[in-house]
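Take a look at the structure below.
The values are calculated or read from the model by the stated rules, or taken from the named source; none is laboratory data. Since this is a predicted model, take the numbers as computed values, not measurements. When we count neighbours, we look across all protein chains shown, and the Cβ atoms used for this are built from the backbone with ideal geometry, even at glycine. Heads up: the accessible areas ignore ligands, DNA and RNA and are worked out on the full protein's heavy atoms, side chains in. Shrake-Rupley method; radii C 1.70, N 1.55, O 1.52, S 1.80 Å.
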Amino acid sequence: VQLVESGGGLVQAGGSLRLSCAASGSTFSINTMGWYRQAAGKQRELVAAITSGGGSTNYADSVKGRFTISRDNAKNTMYLQMNSLRPEDTAVYFCHALSQTYMNYWGKGTLVTVSS
């Protein structure tokens, strides 16, 4: 499975961005997918996750009510709609996929910078 993120960039505080993660390869094996982020000097943290059918999602407390995760299995793509962005949301955002056999796959990341 290969994962490629896109949609990062520079935005002012209060603005919005939508990240995309395109999956290719053995996509039939993908189960749960998620977005993680890593700010400079900090550990990577889970932002949001979504089950294979999209029926269940969970979010970090810091993004609840502002971010929305979704996936389009027909397009093998996952999204993260980010609204009301804050400077503390600045980080590299990574796409993650967990296969049915518990293999972990990661994208290379996309940088989101929120200016105050």
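Condition check ((1) within 16 Å of residue 9 (Cα to Cα); (2) surrounded by 15 or more Cβ atoms within 10 Å (Cβ to Cβ)) across all residues:
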site: 53; (1), (2): no, no
site: 60; (1), (2): no, yes
site: 66; (1), (2): no, yes
site: 74; (1), (2): no, no
site: 78; (1), (2): no, yes
site: 84; (1), (2): yes, no
site: 97; (1), (2): no, yes
site: 114; (1), (2): yes, yes
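Can residue 36 be described as under 12 Å from residue 3 (Cβ atoms), of a type in the set (Ser, Thr, Tyr) and within 12 Å of the chain's Cα centre (by Cα)?
Here the answer is yes, as residue 36 does meet what is asked.
For region 59-110, enumerate the residues that are over 13 Å from the mean Cα position of the chain (by Cα) and small (Gly, Ala, Ser).
Those that are over 13 Å from the mean Cα position of the chain (by Cα) and small (Gly, Ala, Ser): 62, 65, 74, 84, 99.
Quick one: residue 26 ticks every box in (1) farther than 13 Å from residue 90 by Cα; (2) under 14 Å from the mean Cα position of the chain (by Cα); (3) open to solvent by 30 Å² or more (accessible area, probe 1.4 Å) bar one, so which box is it?
Of the numbered conditions (1) farther than 13 Å from residue 90 by Cα; (2) under 14 Å from the mean Cα position of the chain (by Cα); (3) open to solvent by 30 Å² or more (accessible area, probe 1.4 Å), the odd one out for residue 26 is (2).
Every residue in region 72-116 that is touching a Gly at 6+ places or on another chain (Cβ under 8 Å) and modelled with pLDDT under 95, please.
Listed by number, the list holds a single entry, 73.
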